[in-house]
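Here the structure comes first, spelled out in structure tokens, and everything after it is commentary.
Values in this text are rule-based calculations from the coordinates and carry no lab data. Remember, predicted model here, so these are calculated numbers, not experimental data. Virtual Cβ from ideal backbone geometry, glycine too; neighbours counted across all protein chains shown.
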Amino acid sequence: MSIFEYDHFDSPLKVGDNNPHMQKCVFCQNKLEVFSINDYWSIDLQEIYSFHQLGKSWCYEEGMDEEMWELDLSRYSCEVYFHHCNKCGWWRIIKDVTVSAKVWQLWQFSMAQQVY
Ligand SMILES: [Zn+2]
């Protein structure tokens with residue numbers, strides 16, 4: 001099993017406790033410290049592809065073309081962040097993987113390793 005979990009499929013604009021773009025502690029709501037860190041973790045592009053397929057119905061609802069949906073797995077980039085709550089000590093590591101679609105579109109995947 002990879003250390004990162006895929007458990008969130010939604011627009012990053014939506015707000016939720018588990019949204020990795022929300023920089024608030026899920027326990028005490030404190031603002032998280034955010035550090036950009038080195039990327040030591042490999043990714044499984046096939047796993048990302050399969051995960052991406054799960055959201056297909058959501059994309060049709062948004063009126064997206066098939067070509068904007070299809071991923072070009074040869075074009076991607078990664079960034080890794082360490083989020084830390086200096087009040088209660090909770091932390092998580094977020095890896096953002098940005099993959100190009102065949103046309104026009106960029107998809108961003110966030111994977112998290114966190115302790116509950
Ligand atoms: Zn906290």
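Observations, loosely collected:
- For the stretch 76-113, the set of residues classified as in contact (Cβ under 8 Å) with a residue 60 or more places away in the chain and polar (S, T, N, Q) consists of Gln108, Ser110, Gln113, listed by residue number.
- Any hit, the stretch 46-57, residues being within 16 Å of the ligand (Cβ to nearest atom) and under 17 Å from the mean Cα position of the chain (by Cα): no
- When residues in the stretch 87-116 are screened for being closer than 16 Å to Trp41 by Cβ and small (Gly, Ala, Ser), 2 of them pass.
- Against the list (1) closer than 30 Å to Phe27 by Cβ; (2) buried (at least 16 other Cβ atoms within 10 Å of the Cβ), the condition Cys78 fails is (2).
- Verdict on Ser57 being farther than 19 Å from His21 by Cα and buried (at least 16 other Cβ atoms within 10 Å of the Cβ): no
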